[in-house]
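Below: the structure, in C-alpha cells.
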Amino acid sequence: MLTSRGRTKWGRSSLPPEIQCTPVLRRTFGFQVNVNAAATNVSGIDISGALGGICTIVNSKFQPWASTFRIREIRIWPSPSTSGFQQAVVSWALALSNQVKDDEKFQALPEGCTETRMMVSRPPRGAIASMWQAPTASSIFLLSISAGAIVHFDVEYTLSNQITAGNMTIVSGVLGQIYYLALDGPTTNIVRPIGLPTTA
C-alpha cells in the first residue's frame, strides 16, 4: 500500500498488549516537625492524606487521591540540640507481630550540638510499609522526633482506580482546593509538609 508519506506495512493480526491502567508514581515529600513528637502514630489514611487530595465539603471533608502506597525510605535531619538531647526514631509496624526481633535504633544528639547527621530508615523485611498497602492500616510506623527536624518521605503510590481511600475530616478547607496534609494526619498535625498547600 502506497501513501503520500511512503510505504505502509501491516503486521500480522494480534490482540493489543496488556497495559497498566492504574497510574503509579514515586516521589519524595518534605516535612518539618513543628513540636516534639513522642511515639506519634502514622496510619494508612494519614499517609494517603499526605500524598494529596481535594476538599469536597467546605471546612469538613477531604478526599485523598492516592489509593495504595509502599514506603521506600524515610530520611530525617534532627534539629540541633540546645538543651538536653534530641532524637530521631522510626518504629515500623510488622505484618506478623509475633515473629519479630526486639529491636530499636536510636540517634541522639548531645546537648550543645550544632551540626547533625541524616538518619535513614527503610522498612525491614516483614514490615507492613515494605508491601503495597491500602490506606486502612491503623499503624504503619511510629515517629519519635524533635521539633524543627526535617523529614524526607520517599514513597511509591497509585492514584485511585479500583480502590478509593475514605474521606478525612478537616477543620478548615476551601471547596475544590488541593491540599497535602501532615504526615501524621490533620488531627495531630505535627509533621507538616514543606512547599505544598496544607490544612488541618
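The values are calculated or read from the model by the stated rules, or taken from the named source; none is laboratory data. Note that the structure is predicted; figures quoted are calculated from it, not measured. Cβ coordinates were reconstructed from backbone atoms using ideal geometry, including for glycine residues, and neighbour counts include every protein chain displayed.
As an exercise: evaluate ARG70 against (1) among the basic types (Lys, Arg); (2) farther than 16 Å from ASP154 by Cβ; (3) modelled with pLDDT of 95 or more and give the number of the one condition it does not meet.
Here ARG70 clears every test but (2).
Quick check on my filter: what residues within segment 146-163 are in contact with a Pro (Cβ under 9 Å, 6 or more places away or on another chain) and either closer than 20 Å to ALA37 by Cα or of a type in the set (Ser, Thr, Tyr) (or both)?
Taking segment 146-163 first, the residues in contact with a Pro (Cβ under 9 Å, 6 or more places away or on another chain) are 146, 148-150, 158-161, 163.
Hits for segment 146-163 are SER146, GLY148, ALA149, ILE150, THR158, SER160.
Find all pairs meeting these conditions: Cβ atoms under 7 angstrom apart; at least six residues apart or on different chains; first residue within segment 109-127 and farther than 13 Å from SER79 by Cβ; second residue in a loop (DSSP other than H, G, I, E, B) and modelled with pLDDT of 90 or more.
Taking only residues 6 or more apart or on different chains, the pairs are ALA127/ALA93.
Scanning for something part of a loop (DSSP other than H, G, I, E, B) and at pLDDT 95 or above, does segment 33-51 turn up at least one residue?
The answer is yes; a qualifying residue exists.
Do you know which residues across segment 132-145 are surrounded by 22 or more Cβ atoms within 10 Å (Cβ to Cβ) and either under 12 Å from THR68 (Cβ atoms) or at pLDDT below 90 (or both)?
Answer for segment 132-145, where residues must be surrounded by 22 or more Cβ atoms within 10 Å (Cβ to Cβ) and either under 12 Å from THR68 (Cβ atoms) or at pLDDT below 90 (or both): PRO135, ILE145.
Quick one: which of LEU175, LEU181 is part of a loop (DSSP other than H, G, I, E, B), loosely packed, with under 13 Cβ neighbours inside 10 Å and hydrophobic (A, V, I, L, M, F, W, C)? Give the steps one after another, and end with the answer.
On the way: LEU181 fails: loosely packed, with under 13 Cβ neighbours inside 10 Å.
Answer to the selection: LEU175.
Let me confirm something: among ILE19, ILE57, which residue is closer than 18 Å to VAL171 by Cα and among the β-branched types (Val, Ile, Thr)? Walk me through it before giving the result.
Details: ILE19 fails: closer than 18 Å to VAL171 by Cα.
Selected residue: ILE57, the only one of ILE19, ILE57 that is closer than 18 Å to VAL171 by Cα and among the β-branched types (Val, Ile, Thr).
What number of residues within segment 52-75 satisfy the criterion of being in a loop (DSSP other than H, G, I, E, B) and surrounded by fewer than 17 Cβ atoms within 10 Å (Cβ to Cβ)?
Narrowing segment 52-75 to residues in a loop (DSSP other than H, G, I, E, B): 52, 58-60, 65.
Among the residues that remain, those that are also surrounded by fewer than 17 Cβ atoms within 10 Å (Cβ to Cβ) are: 58-60.
Selection size over segment 52-75: 3.
Being crowded, with 17+ Cβ neighbours inside 10 Å and either at pLDDT below 85 or among the basic types (Lys, Arg) (or both) is the filter; apply it to segment 108-123 and report the residue that is farthest from ASN36 (Cα to Cα).
Applying the first criterion (crowded, with 17+ Cβ neighbours inside 10 Å) to segment 108-123 yields 109, 116, 119, 121, 123.
Among the residues that remain, those that are also either at pLDDT below 85 or among the basic types (Lys, Arg) (or both) are: 109, 116.
Values: LEU109: 14, THR116: 17 Å.
Selected residue: THR116.
From VAL90, VAL58, which residue is more than 23 Å from the chain's Cα centre (by Cα), of a type in the set (Val, Ile, Thr) and at pLDDT 85 or above?
On the way: VAL90 fails: more than 23 Å from the chain's Cα centre (by Cα).
Of VAL90, VAL58, the one residue that is more than 23 Å from the chain's Cα centre (by Cα), of a type in the set (Val, Ile, Thr) and at pLDDT 85 or above is VAL58.
Condition check ((1) farther than 23 Å from GLY30 by Cβ; (2) touching a residue at least 24 places away in the same chain (Cβ under 8 Å)) across all residues:
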position	(1), (2)
GLN162	yes, yes
ALA165	no, yes
ILE178	no, yes
ALA182	no, yes
PRO197	no, no
ALA200	no, yes
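Checking the condition over 16 Å from the mean Cα position of the chain (by Cα) and either modelled with pLDDT of 95 or more or of a type in the set (Gly, Ala, Ser) (or both), which residue from ALA149, ALA165, ALA182 passes? Explain how you work it out, then say what you get.
On the way: ALA165 fails: over 16 Å from the mean Cα position of the chain (by Cα); ALA182 fails: over 16 Å from the mean Cα position of the chain (by Cα).
Just one listed residue meets the conditions, ALA149.
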